Amino acid sequence: VDFLFEMKKSNKNSKMNRNIQLFPVKVTKIRQEAAAVFVLSVEKKINFRAGQVVAIDLVKNGKPRMYSIASRENAAEIEILFDEKPDGCLTPKLSKLKPGDIVFCSEAFGNFLPTTDKAWFIAAGTGVAPFVSMLRSGYAAHKTLVHGGRFLQSFYFQDEISMALGDNYIRCCSQESSSDVYAGRLTQYLSNQNGLPQDVLFYLCGSPAMVVEVRDILIRKGVDFSKIVAETYF
Ligand SMILES: Cc1cc2nc3c(=O)[nH]c(=O)nc-3n(C[C@H](O)[C@H](O)[C@H](O)COP(=O)(O)OP(=O)(O)OC[C@H]3O[C@@H](n4cnc5c(N)ncnc54)[C@H](O)[C@@H]3O)c2cc1C
């Protein structure tokens, strides 16, 4: 059975595609993290678990988009990390927000939840956001993070992640090089591993193409399908 089809089908049945109630929240901060990548903070009116998402829009009854929460459980604000898509409906407007502006935000939802077990977190681009939330929320023990990005500036929150994970933080850069970064895509990094641990969970987050490619590599390397947990940004 096609994996992407199954994912789409299950998302159709999830809360994501039901009528999502949005309520107004105030923007507290916005900063540019890298070229066309921003961190937006809004006041927190909801509870959430690390790894969950919120739906956001600039109007109450529009077509909200989903964003992983990057902040710590119990933080005073909800922080999201987003890519500005130049031709997108929402993100070019999000990047122009100022503190004090109002956006509409949903309750938190989603089942991409943290674990205290050993796990490898594998993220591409802004897909690192739920893992940042998990690390900030006290789930750093027994974790390895493999993050893929095109440029050296694509390793969002890298100082914080380095502090939390030390040598268990692997940055894979496909278009620039530096002595402390693996030169190549994260899929190349994974493919070149002689063996992958079989006793850990693998958490994947990124585009559907990345999730499918990484899933195939893991399965080829003997990882049991049941050990793979994925969040796709589509
Ligand atoms: C569970 C989940 C979590 C997510 N978390 C994050 C996150 O943390 N950070 C993040 O940056 N993103 C995240 N996303 C993606 C996010 O929801 C948006 O899809 C993204 O921000 C783009 O929104 P937009 O309105 O700016 O662009 P859109 O208007 O949705 O367009 C996106 C791209 O698709 C193209 N496009 C639009 N319509 C068509 C069409 N009909 N045919 C062909 N191409 C088209 C556009 O040109 C553009 O390049 C997540 C998605 C999901 C499902």
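The values are calculated or read from the model by the stated rules, or taken from the named source; none is laboratory data. What you see is a predicted model; the values in this text were computed from it and never measured. Glycine gets a Cβ as well: all are built from the backbone with ideal geometry, and neighbour counts include every protein chain shown. Each accessible area value is taken on the protein alone, full model and side chains, heavy atoms only, with ligands, DNA and RNA left out. Shrake-Rupley method; radii C 1.70, N 1.55, O 1.52, S 1.80 Å.
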Suppose we keep only residues that are within 18 Å of the chain's Cα centre (by Cα), of a type in the set (Asp, Glu) and within 12 Å of the ligand (Cβ to nearest atom) within segment 27-82. Which one would you say is most open to solvent (accessible area, probe 1.4 Å)? 33
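Taking residue 168 as the residue in question, decide whether it is open to solvent by 50 Å² or more (accessible area, probe 1.4 Å), free of Cβ contacts under 8 Å to residues at least 40 places away in the same chain and within 19 Å of the chain's Cα centre (by Cα). Can you show your working first?
Working: open to solvent by 50 Å² or more (accessible area, probe 1.4 Å): yes; free of Cβ contacts under 8 Å to residues at least 40 places away in the same chain: yes; within 19 Å of the chain's Cα centre (by Cα): yes.
Considered against the rule, which asks whether it is open to solvent by 50 Å² or more (accessible area, probe 1.4 Å), free of Cβ contacts under 8 Å to residues at least 40 places away in the same chain and within 19 Å of the chain's Cα centre (by Cα), residue 168 comes out as yes.
Just the residues that are touching a helix residue (DSSP H, G or I) at 6+ places or on another chain (Cβ under 7 Å) and touching a residue at least 24 places away in the same chain (Cβ under 8 Å), please, taken from segment 182-195.
First, pick out the residues of segment 182-195 that are touching a helix residue (DSSP H, G or I) at 6+ places or on another chain (Cβ under 7 Å): 182, 187, 190-191.
Selection gives 187, 190, 191.
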So residue 85, is it open to solvent by 10 Å² or more (accessible area, probe 1.4 Å) and either at pLDDT below 95 or within 11 Å of the ligand (Cβ to nearest atom) (or both): yes
Only one of 219, 228 that is without any contact (Cβ under 8 Å) to a residue 12 or more places away in the chain, of a type in the set (Val, Ile, Thr) and away from the ligand (no atom under 16 Å from the Cβ): 219
From the set of residues in segment 6-26 that are open to solvent by 70 Å² or more (accessible area, probe 1.4 Å) and closer than 27 Å to residue 95 by Cα, which is modelled with the highest pLDDT? 26
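Looking at segment 199-216, which of its residues are in a helix (DSSP H, G or I) and open to solvent by 10 Å² or more (accessible area, probe 1.4 Å)?
The initial filter retains those residues of segment 199-216 that are in a helix (DSSP H, G or I), namely 208-216.
Hits for segment 199-216 are 208, 209, 210, 212, 213, 215, 216.
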All conditions in (1) out of contact with any Lys or Arg (no Cβ under 9 Å at 6 or more places or on another chain); (2) in a loop (DSSP other than H, G, I, E, B); (3) open to solvent by less than 20 Å² (accessible area, probe 1.4 Å) are true of residue 196 except (1)
Which listed residue, of 91, 116, is among the hydroxyl-bearing types (Ser, Thr, Tyr) and within 16 Å of the ligand (Cβ to nearest atom): 91
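So for segment 94-103 (the condition being touching a residue at least 12 places away in the same chain (Cβ under 8 Å), within 9 Å of the ligand (Cβ to nearest atom) and either surrounded by fewer than 18 Cβ atoms within 10 Å (Cβ to Cβ) or assigned to a loop (DSSP other than H, G, I, E, B) (or both)), does at least one residue qualify?
Let us first name the residues in segment 94-103 that are touching a residue at least 12 places away in the same chain (Cβ under 8 Å), namely 94-95, 97-103.
Restricting the remaining residues to those that are within 9 Å of the ligand (Cβ to nearest atom) gives 94.
Adding the requirement that they be either surrounded by fewer than 18 Cβ atoms within 10 Å (Cβ to Cβ) or assigned to a loop (DSSP other than H, G, I, E, B) (or both) leaves none.
Within segment 94-103 (the criterion being touching a residue at least 12 places away in the same chain (Cβ under 8 Å), within 9 Å of the ligand (Cβ to nearest atom) and either surrounded by fewer than 18 Cβ atoms within 10 Å (Cβ to Cβ) or assigned to a loop (DSSP other than H, G, I, E, B) (or both)), the answer is no, since none of the residues qualifies.
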Which residues, taken from segment 195-216, are within 15 Å of the ligand (Cβ to nearest atom) and modelled with pLDDT under 95? none
So which of 162, 133 ends up being in contact with a strand residue (DSSP E or B) (Cβ under 6 Å, 6 or more places away or on another chain), buried (at least 18 other Cβ atoms within 10 Å of the Cβ) and assigned to a helix (DSSP H, G or I)? 133
I want to confirm something. Restricting to segment 30-45 and keeping residues that are outside any strand (DSSP E or B) and among the hydrophobic types (A, V, I, L, M, F, W, C), which single residue is nearest to residue 87 (Cα to Cα)? 36
